[in-house]
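The block underneath contains the structure these notes are about, expressed in structure tokens.
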Amino acid sequence: MSFPNQPQPPSQFPPGQFPQNPNIYSPAPIQQVPPPKKSSRSTWLIVVIIFAVVMLGFCVLAAGAFMWVRSLAKDSTETKTVKSFSQRASLKIPKNWSSSLSLNSIADIQVGNNFSEKYIIVIEEPKSDFQRGASANTYADLVYRNMKMGTPSFSRSNYKKVTVDGKPAVQFRLVGYVEGLHLVYWVTAVEGSNHFYQITAWTSKKRETENQESLLKVVNSFKGK
């Protein structure tokens, strides 16, 4: 059996015709060129600038806080009067001092400024609780002995006779360590008509020079019956 001649595939594509598989003539994919890397020098420059801005802001805040605390530590020129529970005794204090501090459990007046470390208490005691004839000097001895008993390290100055609110008084200075703090006290024992008054002012030893005048000014503003 003979078979008709089979047509042979052309060795070339006719003009204008392309193979049906388009991948044969597809162009190679375009390679994306990565962007140039930022230099480490410019990166460090940005870091330095950010750090400088942060530090500047911190310095401004610190300076503002310092000035704020300093203004609170400075005594106000305006004053206010604080009276004891019995209304028999009073002190005139700077307006920015607090009159609600807890400094002594038996004090009748407790005032001060935490920012400048200035503190004053007033304790009033009936003269009837003491022997007949007790004076400001007698009361000062009792106050000193009680304070010395609590803090044996106290060293005391000589007694100084003064007048407070027209009343006889005795004043002395104490220096010592209380619970690890180096403190200085000015104690004034005042003899009133029917009561003795103990006015105790204190501050840290390192601030004695700057605080003494203002503390004694408040002490001398004392009024008592």
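Values in this text are rule-based calculations from the coordinates and carry no lab data. What you are looking at is a predicted structure, and each value in this text was computed from that prediction instead of being measured. Please note: Cβ atoms are built from the backbone with ideal geometry, for glycine as well, and neighbour counts cover all protein chains shown.
A compact table of results
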read-out: Centre separation in Å (Cα based) which lies between the stretch 146-196 and the stretch 123-143; value: 13
read-out: Magnitude of the charge dipole, the stretch 77-224, Cβ model with Lys/Arg +1 and Asp/Glu -1, debye to 20; value: 240
read-out: Over 21 Å [Cα-Cα, the stretch 77-224], rounded percent; value: 40
read-out: In Hz, Karplus ³J(HN,Hα) per residue of the stretch 149-154 (6.51, -1.76, 1.60; θ = phi - 60°; x = Gly, Pro); value: 5, x, 9, x, 6, 4
read-out: V178 long-range amide H proximity, modeled H, under 5 Å; value: L183
read-out: Phi-based couplings in Hz for the stretch 198-209 (Karplus 6.51, -1.76, 1.60; Gly and Pro marked x); value: 9, 10, 10, 10, 7, 7, 6, 4, 5, 10, 4, 4
read-out: In order through the stretch 132-139: 3J(HN,Hα) via Karplus (6.51 cos²θ - 1.76 cosθ + 1.60), integer Hz, x for Gly, Pro; value: 4, x, 4, 10, 4, 5, 4, 5
read-out: Amide H contacts of K80 (H built 1.01 Å from N, under 5 Å, at least 5 apart or other chain); value: I93, K95
read-out: Spin-label proximity, R132 to the stretch 196-225 - amide N less than 18 Å from point 7 Å beyond Cα toward beta carbon; value: none
